[in-house]
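Written out below as C-alpha cells is the structure these notes cover.
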Amino acid sequence: EKIIKENPTPFHIYDEKGIRDYARKFNQAFSWNEGYREYYAIKAAPNSYLMKIMQQEGFGIDCSSLAELEIAERLGMRGDDIMFTSNDTPASEYRKAMELGAIINLDDISHIEYLEKHTGLPETLCFRYNPGNLKEGNLIIGHPEEAKYGLTYDQMIEAYRIARDKGVRRFGIHTMVASNELDPDYFVETAEILFSLIRELSEKLGIHIDFANLGGGIGIPYRPGQEPVDLDRMSQGIRKKYEE
C-alpha cells in the first residue's frame, strides 16, 4: 500500500533476498559437482537488474535472441558466461553470439551447415537432444516426440560426427523436456537419459563431452498444497546417475 501511493499500478515487486537465498540454495545443492554452474534463462524475466543479482551469485545467462545477448553484453558477460540456445535463428544473431564467445547450442542438424556458412564453426559446440518417446513431457511443454525442438538420437550421433570431422574440439550436450515441473525424480530420469547418450557418443565417436546442460523446468508451487522441488533429492539423484 505504501508503494501504491508513490508508484502507478500495475508493477512487479521482486524479492531480492528471496532470489539470493534460493540461488545460494541451488548452488549449494550441486556443490559436489566441480565446475557446476546454473544458467538463468533470461527470457523468463528479461530484466537486467534481476540478472545482475544472479550474476553476483555466480549464475550464467541462457539467451535465445539478439536482445538477450545484448543484455548479457551490457552486464559484461562473455564466453562461457553465456549459453545461446535458439530456434530459427538469423545469421546476425549467430554472429553476435560468436562475437561474445558464447557457447552455441544448436537445435537442428541443418544448423551446422548454416552456422559454418555464415560465421564459421566455433571451437565449442553443443547440441540439443530430443529424447522423443523415451521421456514424457508435461501439460506446459507438451510431448517431446511431437516437438520441433532438438535432434533425434540418430541425428545426435551424426551431428557430433560432422562437427568432430570439421574441427570442433570441445563438445557439450543439452536437453530441455519440461517446464514448471515439480517432481524431483523427473530431472533425475532426464539426467540418466543424457548421461547414457554421453557414454554412447564417447564410445562410438571417440569424443569427450565436456559438459551436460540439463535444461530448465524447475517448478514453482503456485497453488495451495503444492510442494517446492526438493533440490537435495534431485541433486543427489543426479549425482548417483553421474557416478554410475
Non-local residues with an amide H under 5 Å from the amide H of ALA41, with H modelled 1.01 Å from N and Pro and chain starts lacking one, are ASP62
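With every protein chain present, what is the per residue accessible area of the stretch 47-91 (1.4 Å probe, Å²)?
Accessible surface, normalised per residue, equals 42 Å².
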Note down the nm distance, to one decimal, between modelled labels 7 Å out along Cα→Cβ at GLU123 and at ILE3.
-> 4.5 nm
Provide the gained length on full extension for the span ASP165 to ILE19, in nm with one decimal, where the gain is 0.36 nm per separating residue minus the Cα-Cα distance.
-> 48.2 nm
For THR152, what accessible area in Å² do you get when you roll a 1.4 Å probe over the heavy atoms of the protein chains, rounding to the nearest 10?
-> 70 Å²
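May I ask which of LYS166/LYS241; LYS5/LYS52; LYS52/LYS204; LYS17/LYS43; LYS2/LYS52 have a Cα-Cα span longer than 30 Å here?
With Cα atoms farther than 30 Å apart: LYS166/LYS241; LYS52/LYS204.
Quick check on the chain: helices-only [θ] at 222 nm, where DSSP H runs of length 4 and up contribute -39,500 (n - 2.57) each and the sum goes over total residues. Nearest 500, please.
Result for the chain: -13000 deg cm²/dmol, rounded to the nearest 500.
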Could you go through the stretch 13-21 in sequence order and give the Karplus-derived ³J(HN,Hα) for each residue, using 6.51 cos²θ - 1.76 cosθ + 1.60 with θ = phi - 60°, rounded to whole Hz, and x for Gly and Pro?
-> 10, 10, 9, 4, 4, x, 4, 5, 4
Between helix 184-205 and the chain: long-axis angle, C-alpha atoms, 0 to 90°, nearest 10 = 20 degrees
Counting only residues 5 or more apart in sequence or on a different chain, those whose built amide H sits under 5 Å from that of GLY101 are GLY79
Heavy atoms only, probe 1.4 Å: what % of the accessible area of the chain goes to carbon and sulfur, would you let me know?
-> 49 percent
Could you work out the Rg to Rh ratio of the stretch 24-116, with Rh taken as the Kirkwood radius (inverse of the mean 1/r over all Cα pairs)?
-> 1.00
Rounded to the nearest whole Å³, what is the per residue volume of the convex hull around the Cα atoms of the chain?
-> 145 Å³
With springs connecting C-alpha atoms under 10 Å apart, model the chain as a Gaussian network and identify which of ARG128, ARG24, ARG223 has the largest mean-square fluctuation.
-> ARG223
If amide H atoms are modeled at 1.01 Å from N in the peptide plane, then the residues at a separation of 5 or more from GLU181, or on another chain, having amide H under 5 Å from its own are ILE218, GLY219
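Taking the DSSP beta bridges in the chain as the whole, what percent of them are antiparallel, to the nearest 5?
5 percent
Stick to Cα atoms and the Kirkwood definition of Rh, then tell me Rg/Rh for the stretch 1-54.
Dividing the radius of gyration by the Kirkwood radius yields 1.12.
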A correct Karplus calculation of ³J(HN,Hα) over the stretch 52-58, with 6.51 cos²θ - 1.76 cosθ + 1.60, θ = phi - 60°, whole Hz and x for Gly and Pro, returns 5, 4, 6, 4, 5, 8, x
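The values are calculated or read from the model by the stated rules, or taken from the named source; none is laboratory data. Just so it is clear, the model here is predicted, and its values are computed rather than measured. Positions of Cβ are generated from backbone atoms using ideal geometry, with glycine treated the same way; all protein chains shown enter the neighbour counts. Each accessible area value is taken on the protein alone, full model and side chains, heavy atoms only, with ligands, DNA and RNA left out. Shrake-Rupley method; radii C 1.70, N 1.55, O 1.52, S 1.80 Å.
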